[in-house]
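The values are calculated or read from the model by the stated rules, or taken from the named source; none is laboratory data. Bear in mind that the values here come from a model prediction, so they are computed numbers and not experimental data. Because the Cβ atoms are built from the backbone with ideal geometry, glycine has one as well, and the counts that use them run over all protein chains shown.
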Amino acid sequence: MPISLRSARRYLVQRMRHIIQNLGRLKVVLLITALSVSFSVFITFLAFSLRQTGAVYNIAFFLATFIPLTIAPIVSWPLISLLMKVDSLEKEMRLLASLDPLTELLNRRAFFRDAELYIHRAKQEGRMLSVIALDLDKFKAINDCYGHSAGDAVLRHFSTTIRANCRTSDLMGRLGGEEFALLLPNTSASAAYALAERLHQALRLTAIQYGHSTMRYTVSIGVISVVPQKTDNIEALLNKADRSLYLAKETGRNCTVVFDS
């Protein structure tokens, strides 16, 4: 099958699913029933109008209307219900495949994928965006001292802190281990730095209770803010944010460094 034909069929299936989801099960069943009755009446008219009149004609039209009006809802209701459940499960599976299971932030692959879309939009609109690289300080020491389950608790706590301080439009991801990244659309360097400082402050004011122990931790942050140019992509911008992050590590950790081009 040609690729174009496969793409066309896939597009039509997606459009049908979108229409069904928007209309809802009841409206779709009513629409199917109305179409079934219309086609049945039309076919009956063609078959009988030229040959039959009177009682036979009336009976034929009654049956042509009554049968699909009765059968179509009974058959289509469970089928549409099943289709909507399958579509909902597929969406849920795609969402789960994009999330890091521990922190419920975007995983590395999904973050990079969505970040490219944000950057493309910023290029088209000529708007500034900010990319932030974050790395928990001395995370290995937490695992060594308290155990990996304590480390997991720290990662979950940090992801909650990120969500509490970011906008819903911001892109938030865990790139792996104790490394995180943010992409902030329509955000200047000063606004991105202010967000980083809020994160530092939030960590200073909170502690994690783990068993009989109280854990505190800090984060080092690198920030870059640009109006992306034609050659910019998320990998290049994140590399520059990482350079600032490494400088934050070298200058004592628990601080934010803004990339200086």
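Some notes on this structure:
- Scanning the range 106-118 for residues that are touching a Leu at 6+ places or on another chain (Cβ under 7 Å) and within 12 Å of residue 181 (Cα to Cα) yields a total of 5.
- Residues (of a type in the set (Lys, Arg) and crowded, with 19+ Cβ neighbours inside 10 Å) located in the range 148-178: 174
- Some residue of the range 205-214 being within 18 Å of residue 99 (Cα to Cα), surrounded by fewer than 13 Cβ atoms within 10 Å (Cβ to Cβ) and free of Cβ contacts under 8 Å to residues at least 12 places away in the same chain: no
- Selected residue (only one of 181, 196, 133 is in contact with an Asp or Glu (Cβ under 8 Å, 6 or more places away or on another chain), buried (at least 18 other Cβ atoms within 10 Å of the Cβ) and not charged (D, E, K, R)): 133
- Test: residue in the range 204-212 that is β-branched (Val, Ile, Thr) and modelled with pLDDT of 95 or more: no
- Enumeration of residues in the range 169-203 that are on the phi > 0 side of the Ramachandran plot and either touching a helix residue (DSSP H, G or I) at 6+ places or on another chain (Cβ under 7 Å) or at pLDDT 95 or above (or both): 176, 186
- Condition check for residue 141: small (Gly, Ala, Ser), surrounded by fewer than 13 Cβ atoms within 10 Å (Cβ to Cβ) and more than 22 Å from residue 193 (Cβ to Cβ): yes
- Search result, residues across the range 123-148 that are part of a helix (DSSP H, G or I) and either of a type in the set (Val, Ile, Thr) or without any contact (Cβ under 8 Å) to a residue 12 or more places away in the chain (or both): 124, 125, 140, 141, 142, 143, 144, 145, 148
- Conditions (1) surrounded by fewer than 16 Cβ atoms within 10 Å (Cβ to Cβ); (2) at pLDDT below 95; (3) assigned to a helix (DSSP H, G or I): number failed by residue 116: (2)
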